[in-house]
Amino acid sequence: MDHRLGSAAAAASSGRLIFNSAANPSTSTLLFQLYPNFNLKTLPLKLSIFSHPSSANHFNKIYYCNTPHRLQLRHFPPIAATDQTYPPPPPQKQQPPSKSDANKRKLSIVVCSAVTVALAIANRVLYKLALVPMKEFPFFLAQLTTFGYVAIYFSILFMRYRAGVATDEMLSFPKTPFIIIGLLEALGVVSGMYSGAMLPGPAIPILNQTFLLWQLAFSMLILGRTYSLNRFAGSFLVAAGVVLAVTSGSEHDQLLSGVEFVWPAMMIASSAFQAIASILKESVFLDAATRLKGKLIDIFVVNSFGSGFQAVFVLLFLPFLSNLKGIPLSEFPSYLKSGAACFFNVGTNTTGCDGSPTLPLLYIITNIAFNISVLNLLKYSSAVVSSLAVMSSVPISIYILSLPLPYLPEGANLSPFFVLGSAVLMVGLIVYNFSWPVKQDSDIS
């Protein structure tokens, strides 16, 4: 046996190893084809393999030892499978985030908030400007905006899915919350555009501040949040500022003088619908963190499915909307055709459509960027923090909308009561955001 092993070692150095056991005919010939770059000096200290069984009770194990340059045969008892089970490893304790991570998170929230404020100002101004040429076709603009969001969001979601950012587990998230979110956002978009076309520009951001009041109330009802005294005091001042700005003064000085009550009421209802949808989106992120074991669901999953169901519900609202506008359902295709002609500003009957399609397209692009920014801020903070960032754009938006603008050359005269009400509203926002609550109270830690 030693002679054969020595010969095998010599054969190994030439690039071919043959070991033929004559002592045990049941053992097959072992043939090892070594690569041309085989080098004894560069081999590891031990190279081991298992051969065919030499008997019913033993396995041969061949060692190649680098230093003495020889092979050695050893016998090992058969490996028997056991029924022994091993307990799972103990769960690892999650380490609390470091101070640097917390600072980075707060910095990212500040940056996202600043971007959201800038986009909110542009969105408010372009919202009113886009409704100037589309005043008679608010439903067409709402429908176009909704289906535009569906196409854009799902295209981005597809690319992120291909890149591995959005996973199958995220896409399989239960769709019931998205159905409810789509219904609420459809109601909010349609009622907001119908009323926004009939309201003076500065009144729109003022009435939209009721969003914070609705959000605070529904956050307590749906998410079970509790808030400190300064939250309630700030909310009361916001409500008082809204009432003072739009209702105080003589009938001639009131901002909403000559405007039917239904339009500001629809704008307030629009804020309520959007506030509930925002709270439900936050609950989706919280639920997804549990279902995905700490991972955050991709924002485009939430946006895409929410917008998809929103488009479905907008279509289902067609009979109600046509009656609201005084258009028989049979004439609705003609209404959509006229709306498309006004949007693209083509054809002979486009009187009053000056500014299209530039203003509506600018609004749609800005609104998409604004929604992504708000949802991204919501993902890393909370619904109330995102709404506070949006509310910070109010005074600048009011000032810009009161100035003579392209296609709004007359501007708006702001009465002393309106200015006072706006100041009270801003004080309320400051009081509301005076201190940071803990995360379970709705905001960032």
Single unsatisfied condition, Ala142 versus (1) within 23 Å of Phe300 (Cβ to Cβ); (2) modelled with pLDDT of 85 or more: (2)
Residue within region 222-229 that is over 24 Å from Val427 (Cβ atoms), among the β-branched types (Val, Ile, Thr) and not in a helix (DSSP H, G or I) present: no
Only listed residue being at pLDDT 85 or above, among the aromatic types (Phe, Trp, Tyr) and crowded, with 21+ Cβ neighbours inside 10 Å, chosen from Tyr153, Tyr161, Tyr149: Tyr153
Residues of region 176-216 satisfying the condition of being within 17 Å of the chain's Cα centre (by Cα) and aromatic (Phe, Trp, Tyr): Phe178
Region 188-213, residues that are open to solvent by 10 Å² or more (accessible area, probe 1.4 Å) and either free of Cβ contacts under 8 Å to residues at least 60 places away in the same chain or closer than 14 Å to Leu429 by Cα (or both): Asn208, Thr210, Phe211, Leu213
Members of region 394-426 that are assigned to a loop (DSSP other than H, G, I, E, B), out of contact with any Pro (no Cβ under 9 Å at 6 or more places or on another chain) and small (Gly, Ala, Ser): Ser415
Within region 396-418, considering residues that are of a type outside the set (Phe, Trp, Tyr) and without any contact (Cβ under 8 Å) to a residue 40 or more places away in the chain, the one surrounded by the most Cβ atoms within 10 Å (Cβ to Cβ): Gly411
Residues being among the aliphatic types (A, V, I, L, M) and closer than 28 Å to Ile222 by Cα - total across region 148-183: 8
Of all residues in region 338-381 being open to solvent by 60 Å² or more (accessible area, probe 1.4 Å) and not in a loop (DSSP other than H, G, I, E, B), the one that is farthest from Phe140 (Cα to Cα): Tyr380
Residues being open to solvent by less than 30 Å² (accessible area, probe 1.4 Å) and either in a helix (DSSP H, G or I) or among the hydroxyl-bearing types (Ser, Thr, Tyr) (or both) - total across region 290-322: 14
Residues being modelled with pLDDT under 80 and touching a Cys at 6+ places or on another chain (Cβ under 8 Å) - total across region 368-380: 1
Filter result for Ala245 (of a type in the set (Gly, Ala, Ser), at pLDDT below 80, open to solvent by less than 10 Å² (accessible area, probe 1.4 Å) and not in a loop (DSSP other than H, G, I, E, B)): yes
Sole exception among (1) open to solvent by 50 Å² or more (accessible area, probe 1.4 Å); (2) among the hydrophobic types (A, V, I, L, M, F, W, C); (3) under 16 Å from the mean Cα position of the chain (by Cα) for Phe173, by number: (1)
Condition met for Pro333 (loosely packed, with under 13 Cβ neighbours inside 10 Å and either in a helix (DSSP H, G or I) or among the acidic types (Asp, Glu) (or both)): yes
Index of the failed condition, Glu136 passing every other in (1) more than 19 Å from Met267 (Cβ to Cβ); (2) assigned to a loop (DSSP other than H, G, I, E, B); (3) open to solvent by 30 Å² or more (accessible area, probe 1.4 Å); (4) not polar (S, T, N, Q): (1)
Residue in region 250-259 that is part of a helix (DSSP H, G or I) and in contact with a helix residue (DSSP H, G or I) (Cβ under 8 Å, 6 or more places away or on another chain) present: no
Test: Ser219 is touching a residue at least 40 places away in the same chain (Cβ under 8 Å), under 22 Å from the mean Cα position of the chain (by Cα) and assigned to a helix (DSSP H, G or I): yes
Test: residue in region 164-171 that is within 23 Å of Phe273 (Cα to Cα) and either modelled with pLDDT under 85 or outside any helix (DSSP H, G or I) (or both): no
Search result, residues across region 349-371 that are closer than 10 Å to Leu126 by Cα and among the polar types (S, T, N, Q): Thr366, Asn367
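The values are calculated or read from the model by the stated rules, or taken from the named source; none is laboratory data. Note that the structure is a prediction, hence the values are computed from the model and not measured. Neighbour counts run over all protein chains shown; Cβ positions are idealised from the backbone, glycine included. Only protein heavy atoms, including side chains, enter the accessible area calculation; ligands, DNA and RNA are left aside. Shrake-Rupley method; radii C 1.70, N 1.55, O 1.52, S 1.80 Å.
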